[in-house]
Amino acid sequence: MPTPADELRARTRGPVFEPGVPGYDDARSIWNGMIDRHPALVLRCIGTADVIAGIHFARTHGLPLCVKGGGHNVAGLAVAEGALMLDMSAMRGVWVDPGVRLAHAQPGCLLSDVDQETQLHGLAAALGFVSTTGVAGLTLGGGFGYLTRRLGWTCDTLESVQMVTADGRRVRASSTENPDLFWALRGGGGNFGVATGFTYRLYPLGPEIFGGALAWPIAEAPRVLERFREITASAPPELALVAVLRAAPPAPWIAKEYHGKLVVMLLVCWTGPLAEGEGVVAPLRALGKLAGDVVQRRPWVSQQTLLDAANPKGRRYYWKSEYLAGHPPELLQAALGQIGSVPSPHSAVIFFPLGGAIAKLPADHSPMGNRDAVSLFNVAGSWERPEDDAKNIAWVRKSWERLKPFSTGGTYINFQPEDEGDERIKAALGPHLERLQRVKTEWDPDNFFRANKNIAPA
Ligand SMILES: Cc1cc2nc3c(=O)[nH]c(=O)nc-3n(C[C@H](O)[C@H](O)[C@H](O)COP(=O)(O)OP(=O)(O)OC[C@H]3O[C@@H](n4cnc5c(N)ncnc54)[C@H](O)[C@@H]3O)c2cc1C
């Protein structure tokens, strides 16, 4: 008697993994080590035909469906208990057309795949800060990184998306084809179909930019944060500064005496004229005694990997975040107060830069919205042992409560942890929820795609 796994194997090119088979545990494992769910079957798709076969199979067998892109979602949305998982990790092709400055990326691409291929042509896409993140989840939920202030949310730079619908049809969404669906895909969070390809607009950049990181002992934090506040209020879009409060990792660029001690860091990315980089950074370097300094001319692909080591796969993670309209001194003091009680050397309070280009498009350009935000804070809890879960989660929640009064009221759907429900989806997608529900009703009326921050049909 053939098993359901055999039946699926007979219809697909990609390998199928069931519990107990070598490869199953690797396929179901994701970035956040807190998530330990067991799909009924995993299909590692090789192409669009596999995606279609997977959708039909799940429907026939009454299985829920989940989709794994880069597997980075902190809530673990890529993997659902008892589901058929479509694992896209074998679909990592990138095709660059330099003549029209477009890149076509398959849905299993990590950010590094797109960076590597586009830089061959002196071009770059507006992606995120950590190169091991998947393009699919990042783009469908919005996306921001060092280039956001210049180019907008990642989804603002999308030209088109190829997708398979809940009834197994191939469609393209762009400003001229299925425009309502295209609108919803730009921030609506993987609710409308399985994306099989993304086309991004590209921009001339690199191969070198001026960037890196500066670190100071925590005693210097009030001065550094005050300067961060002043600079970010009027910085040109070519400058992105990320402020980080955390314990210094044992990295070679930080003086040994500071390892394990609290520091304030600024990640610096200047994508304006290279010759102006030293001048941009000079006032920052002059702020106080540095614990470390690796700001220099560097390849764009190097800048894009600066935060990779701080975010390894398999640790335990819990995040809380909010958009901010500014950085009042009271907010920065509150952040500083909270970092004093951080229970893990891996956790951090981070301020990511926004503003600039995102504010240039109308609020309803896409459901990503939140175009009034000048930054996003993320209380990023990160630790190693399950027995430390409670105290680390409690610290993240307490810190978030202290900083939340400064929120615009909006939050980022891609940073939402597992325990954030409908109210927080509303906070992320705000006034666009009704229109998203209408699109959902049209494209997925029985809510087949629901293993995500779900928008139910109207
Ligand atoms: C270390 C780290 C750094 C990050 N840095 C940034 C950053 O700089 N900027 C930023 O904007 N975000 C960032 N994020 C958040 C990131 O955008 C989200 O976690 C995003 O969900 C990751 O996408 P993924 O494909 O890796 O995730 P997955 O966990 O694989 O998927 C996330 C969601 O997208 C859905 N999905 C995945 N592929 C498809 C598909 N092909 N079709 C339809 N739905 C799909 C999944 O079903 C799931 O609901 C970061 C996350 C981490 C863990």
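Expressed as a rounded percentage, what relative contact order does the chain have, with Cα pairs under 8 Å and six or more residues apart? Could the numbers behind the result be given before it?
Values: 1065 pairs, mean separation 73.6, N = 458.
Once normalised by length, the contact order is 16 percent.
Report the extension gain between residue 276 and residue 170 in nm, rounded to one decimal, defined as 0.36 nm multiplied by the number of residues separating them, less their alpha carbon distance.
On the way: separation 106, 0.36 × 106 = 38.16 nm, distance 4.77 nm.
Stretched out fully, the residue 276 to residue 170 stretch lengthens by 33.4 nm.
Our note on the geometry: Cα centres of the stretch 299-319 and the stretch 414-458, 28 Å apart.
In terms of its C-alpha gyration tensor, the stretch 4-87 comes out prolate, because a/c is 1.5 or above and the ratio a/b outweighs b/c.
Residue by residue, the stretch 246-261 carries 3J(HN,Hα) couplings of 5, 7, 5, x, x, 8, x, 7, 9, 4, 3, 4, 9, 4, x, 9 Hz when phi is fed to the Karplus relation 6.51 cos²θ - 1.76 cosθ + 1.60 (θ = phi - 60°); x denotes Gly or Pro.
When only Cα pairs under 8 Å and 6 or more residues apart are kept, what is the percent relative contact order across the stretch 28-94? Before the final figure, lay out the partial values.
Working: 120 pairs, mean separation 30.4, N = 67.
Reported relative contact order: 45 percent.
A simple count of charges around residue 19, restricted to other residues whose Cβ falls under 10 Å of its Cβ and scoring Lys, Arg +1 and Asp, Glu -1, yields -1.
Once the chain from residue 301 to residue 442 is taken as fully extended at 0.36 nm per residue, the excess over their C-alpha distance is 46.7 nm.
Which value in deg cm²/dmol, rounded to the nearest 500, describes the helix-derived mean residue ellipticity at 222 nm for the chain, given -39,500 (n - 2.57) per DSSP H run of n ≥ 4 and division by the residue count? Could you put the intermediate results ahead of the total?
On the way: 14 runs with 124 residues, N = 458.
Theoretical 222 nm ellipticity from helices: -7500 deg cm²/dmol.
The per residue volume of the convex hull around the alpha-carbon atoms of the stretch 162-211 is 112 Å³.
Please report, in debye to the nearest 20, how large the charge dipole of the chain is about its Cα centre when each Lys and Arg carries +1 at its beta carbon and each Asp and Glu carries -1 there.
400
For residue 213, the amide hydrogen comes within under 5 Å of the amide hydrogens of 268, 294, 295, counting only partners 5 or more places away or on other chains and with H modelled in the peptide plane.
Quantify, in whole percent, the carbon and sulfur part of the accessible surface of the chain (1.4 Å probe; protein heavy atoms only). Mind dumping the intermediate values first?
Details: 9440 of 17380 Å².
Solvent-exposed carbon and sulfur of the chain make up 54 percent of the total.
Sorting 395, 95 on solvent-accessible area from highest to lowest, probe radius 1.4 Å, gives 95, 395. Legend: translational diffusion of the chain by Stokes-Einstein, Rh = Kirkwood radius over C-alpha pairs, 25 °C, 0.890 mPa s; D = 109 µm²/s. Here the spin labels are modelled as points 7 Å beyond Cα on the Cα-Cβ line, and at residue 426 and residue 256 they lie 5.6 nm apart.
Past 18 Å, Cα to Cα, is the threshold; run 398/453; 68/453; 313/391; 404/426; 360/453 against it and keep the listed order. Could the numbers behind the result be given before it?
Values: 398/453 23 Å; 68/453 14 Å; 313/391 21 Å; 404/426 16 Å; 360/453 27 Å.
Over 18 Å apart, Cα to Cα: 398/453; 313/391; 360/453.
Taking 0.36 nm per residue of sequence separation and removing the Cα-Cα distance, the residue 458/residue 364 pair yields an extension gain of 31.9 nm.
The values are calculated or read from the model by the stated rules, or taken from the named source; none is laboratory data. If you're wondering where the values come from, they're calculated on a predicted model, not measured in any experiment. No Cβ is skipped: glycine too gets one built from the backbone with ideal geometry, and neighbour counts run over all protein chains shown. To get the accessible areas, we keep the full protein, side chains included, count just its heavy atoms, and leave off ligands, DNA and RNA. Shrake-Rupley method; radii C 1.70, N 1.55, O 1.52, S 1.80 Å.
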